[in-house]
Amino acid sequence: MKYPVFKDLIIFENEDFLVVNKPPFLATLEDRTPNTTNLLKLAKQHDPNLQACHRLDKDTSGCLVFAKNPEAYRHVSMQFEHREVYKVYHAVAWGTHKFEDQLVNRSILAGAKGVAKLTPQGKPAETYFTTLENYSRHTLLECMPVTGRLHQIRIHLAFLGAPIVGDELYGGEPLYLSTLKRKFNLKQQTEEQPLIKRFALHSHTIGFKLMDEEPVKIEAPYPKDMAVLIKQLRQYN
């Protein structure tokens, strides 16, 4: 994998914080895969003082906040702890759904193998969902998690019968162009690739208070794969 240049990912920066648009397929922190890099490693090559204030799943793209000093790190950590950070994700889900501030309040238990499940024995988890766009068999959704549990948005959408496209762990199948396009011809001896090679989830907006308590909101544009997916869904709607 060709790794991105860290400074090209930066979408906001001041003397205390830096926000990047995390590319998909890159872990935030060390993971179990040998000989791979991660976003924190790239960040520290850019500036050794940087600390990741939270994390995104490897396949999730979008807003990720780094602190440049311990005070800034503490400042944002407290906001995450007190659920004061404004977080908006966009997801493409299977099925056509009309959600308007639909709340899922279901506890989540993180399993040993990195798979989460809904159970009253888990930790409280709340997410609000709102429909942004409907297509013939899919929906673009705005997801606003109140808490930050493992795979929270993914498992809450599966609970609503709206699994995320490409999220095979929680019931979301890959999406192929042949599913959307009536007269689709594939070249012989070639295997059709899914429109997006990961689950279609993007951290679109993050909002928090700077050191002087000034609120800031940062938006991350869609990466190419998510933009192409939405374009195709609109085209073949």
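The values are calculated or read from the model by the stated rules, or taken from the named source; none is laboratory data. On a predicted model such as this, the values are computed, not experimentally measured, just so you know. For neighbour counting, all protein chains shown are included, and Cβ atoms are generated from backbone atoms with ideal geometry for every residue, glycine included. When the accessible area is computed, the model is the full protein with side chains, heavy atoms only, and any ligands, DNA or RNA have been set aside. Shrake-Rupley method; radii C 1.70, N 1.55, O 1.52, S 1.80 Å.
Of note:
- The C-beta contact set for segment 93-117 (first residue in contact (Cβ under 8 Å) with a residue 24 or more places away in the chain and at positive phi, second residue surrounded by fewer than 16 Cβ atoms within 10 Å (Cβ to Cβ) and of a type in the set (S, T, N, Q), distance under 8 angstrom, 6+ apart or interchain) comprises D101/T130.
- Some residue of segment 60-79 being within 13 Å of the chain's Cα centre (by Cα) and charged (D, E, K, R): no
- Residues (open to solvent by less than 80 Å² (accessible area, probe 1.4 Å) and either modelled with pLDDT under 95 or out of contact with any Asp or Glu (no Cβ under 9 Å at 6 or more places or on another chain) (or both)) located in segment 100-123: Q102, S107, I108, L109, A110, G111, G114, V115, A116, L118, T119, G122
- Failed criterion for G166 (all others in (1) open to solvent by 40 Å² or more (accessible area, probe 1.4 Å); (2) on the phi > 0 side of the Ramachandran plot; (3) not aliphatic (A, V, I, L, M) hold): (1)
- Of all residues in segment 46-80, those that are farther than 16 Å from S203 by Cα and at pLDDT below 95 total 0.
- Residue, most open to solvent (accessible area, probe 1.4 Å), within segment 5-44, restricted to residues that are free of Cβ contacts under 8 Å to residues at least 40 places away in the same chain and part of a strand (DSSP E or B): E13
- Condition broken by C143, with the remaining ones in (1) out of contact with any Cys (no Cβ under 7 Å at 6 or more places or on another chain); (2) closer than 30 Å to F17 by Cα; (3) of a type outside the set (S, T, N, Q); (4) open to solvent by 40 Å² or more (accessible area, probe 1.4 Å) satisfied: (4)
- Any hit, segment 24-45, residues being of a type in the set (K, R) and closer than 26 Å to A227 by Cβ: no
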